[in-house]
Amino acid sequence: MADILSLEQQAIEFAKRGDFGMDAKRANEELAQRAPANQGAWTRLARCCVELGELDEAAAAIDRVLQLNPQNTIARNLQGEVTRRRSPGYGSPVSPRSKATVRARAASRRRESAERVPTGGFGRAEFAGLAHLSAGGAADALGPRIESLLMTINDRPFAAKVVEARNRAGRSGSRLFRRNSFYPGDAGHIYAFHHGGRWEPQINLAWSAASKAGRDCMRAGIGFNLSKDGMDSDRAPGQERVMVYFERFQQLVASMWRQLLTDWMAANGGFIQYGDKPPALEVLPADAVAWLIDSRNAPELGWIFCGRWLFLDRAEHAETLGDPGKLVRWIEQTFTDLLPLWTSVYRGQTA
């Protein structure tokens with residue numbers, strides 16, 4: 001039993017980091033063999049197989065998940081992804097003539113996305129579920145709402161600019177968020193970050209119950225995962241890379257962005273957050289910005305974030321959280337405001 005528990009913890013750690021490569025596949029494969037009724041193991045295994053392009057194996061794992069739980073929304077989404085990837089023409093070169101058609105269709109999708117809103121907001125019932133369900137159970141329960149929100153955000157103008165900046169730097173990806181880009185953290189916490197963002201300045205969203213953060217809340221902003229912990233195969237170079245990004249961030253905030261970021265935080269409900277602590281509500285914007293500049297123990301803290309927050313116990317915030325359209329606009333405005341800073345950090349512009 002101890003071996004199974006250890007193996008499950010290892011598999012969950014891979015998922016928390018957004019790592020669905022060969023090491024994660026092997027961990028989940030072994031766990032699924034040892035504990036055939038473990039729904040999470042089969043679901044994560046399916047995700048690994050999809051990411052690795054092993055579609056037949058993915059389909060088999062998805063079938064096993066749905067036998068255990070026909071209502072598993074993550075497995076249903078993965079099933080749709082397998083079908084999409086198996087469709088004729090997926091991943092094939094696009095002729096010059098058809099490129100115009102592709103661009104026209106993309107523009108049409110963006111217009112449609114701008115007109116529609118995601119499914120459902122986040123109110124007392126959702127945060128209660130986040131607080132009382134297991135981490136994986138909360139992710140399953142809130143997954144459809146979060147995924148719908150992320151897919152809507154994908155077609156906002158700021159999202160395309162992030163993807164473009166990453167592509168120019170040689171990074172892969174055509175969408176800001178892939179499907180199933182949200183992850184269960186500790187109990188009472190679910191987070192999401194942009195595709196490929198583990199070792200980058202993260203376009204980060206998260207939902208935390210009061211049991212985790214002191215108040216039911218949601219955040220949106222720029223985060224740095226600098227933790228030494230974990231089992232990433234590229235942990236050493238990855239941590240070195242994210243430290244370089246964070247140092248650039250500090251240089252920019254110390255110079256041209258110091259007053260801009262201070263004023264933005266004061267006007268927009270901005271707070272910092274670090275380690276496993278709740279948002280630093282008692283720290284004034286000027287002091288928060290000074291803390292970001294002066295921080296010299298980032299790897300020991302493991303996590304540093306700066307952005308906006310919504311708190312369920314504030315009436316105007318609860319209204320935004322509960323209205324999908326307003327929530328999308330709030331997120332879009334947040335990242336549109338922070339995009340020049342994120343882009344400068346990402347491109348290595350230190351002024």
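Toward the positive end of the charge dipole of the chain, with +1 on the Cβ of Lys and Arg and -1 on the Cβ of Asp and Glu, the farthest Cα among Ala41, Ile146, Gln273 is that of Ile146. Residues Thr262, Thr334, arranged from fewest to most other Cβ atoms within 10 angstrom of their Cβ, appear as Thr262, Thr334. A simple spin-label model places pseudo-atoms 7 Å from Cα toward Cβ; at Arg86 and Gln67 they are separated by 1.7 nm.
For Lys161, a cut-off of 16 angstrom between C-alpha atoms picks up these aspartates and glutamates, skipping any fewer than 8 places away in its own chain: Glu200, Glu332, Asp337.
When the dipole is taken about the Cα centre of the chain, and only Lys, Arg (+1) and Asp, Glu (-1) are charged at their Cβ, what size is it in debye, to the nearest 20?
For this selection, approximately 1460 debye.
Long hydrophobic helices in the chain: the complete DSSP H runs spanning 30 Å or more by Cα along their own axis with mean Kyte-Doolittle hydropathy of at least -1.0 are 324-347.
Assuming charge only on the beta carbon of Lys and Arg (+1) and of Asp and Glu (-1), the dipole of segment 2-86 about its Cα centre is about 320 debye to the nearest 20. Count Lys and Arg as plus one, Asp and Glu as minus one, and take only other residues whose Cβ is under 10 Å from that of Cys217; the net charge is then +2.
Mean separation of Cα pairs under 8 Å and 6+ residues apart, divided by the residue count of segment 43-83: what relative contact order is that in percent?
Values: 37 pairs, mean separation 17.6, N = 41.
Computed over segment 43-83, the figure is 43 percent.
A dipole drawn for the chain from +1 and -1 charges on Cβ atoms has a positive end, and of Val50, Ile190, Leu7 the residue lying farthest that way is Val50.
Positive-end ranking of Ser174, Ala209, Pro237 along the dipole of segment 154-252, with charges on Cβ about the Cα centre, is headed by Ser174.
Within the shell of other residues whose beta carbon sits under 11 angstrom from the beta carbon of Lys25, the net charge comes to -4, with Lys and Arg scored +1 and Asp and Glu -1.
Around the Cα centre of segment 236-313, unit charges on the Cβ atoms of Lys, Arg, Asp and Glu (plus for the first two, minus for the last two) sum to a dipole of about 240 debye.
Label separation (Thr336 vs Arg235): 4.1 nm, computed from points 7 Å beyond Cα along the C-beta direction. Going through (i) 162; (ii) 142; (iii) 235, the figure that equals volume of the Cα convex hull per residue in Å³ as computed for the structure here is (ii). The HN-Hα couplings worked out from phi for segment 189-198 by the Karplus form 6.51 cos²θ - 1.76 cosθ + 1.60 (θ = phi - 60°) are 8, 10, 9, 9, 9, 5, 4, x, x, 3 Hz, whole numbers, x standing for Gly and Pro.
Return the calculated 222 nm mean residue ellipticity for the chain, to the nearest 500 deg cm²/dmol, obtained by summing -39500 (n - 2.57) across DSSP H runs with n ≥ 4 and dividing by the residue count. When only DSSP H runs of four or more count, the value is -19000 deg cm²/dmol. Comparing Pro201, Pro70, Pro324 in a Gaussian network model of the chain (Cα springs below 10 Å), the most mobile by mean-square fluctuation is Pro70. Within straight-line reach of Lys16, meaning a Cα separation under 22 Å, sit the following lysines at least 8 residues removed in sequence or on another chain: Lys25, Lys212, Lys228, Lys277.
Quick note: the coordinates plus some simple rules give every number you see, no bench work behind them. Bear in mind the structure is a predicted one, so any value in this text is a computation, not a measurement. Reconstructed Cβ throughout: ideal geometry from the backbone, glycine too, with neighbour counts over all protein chains shown.
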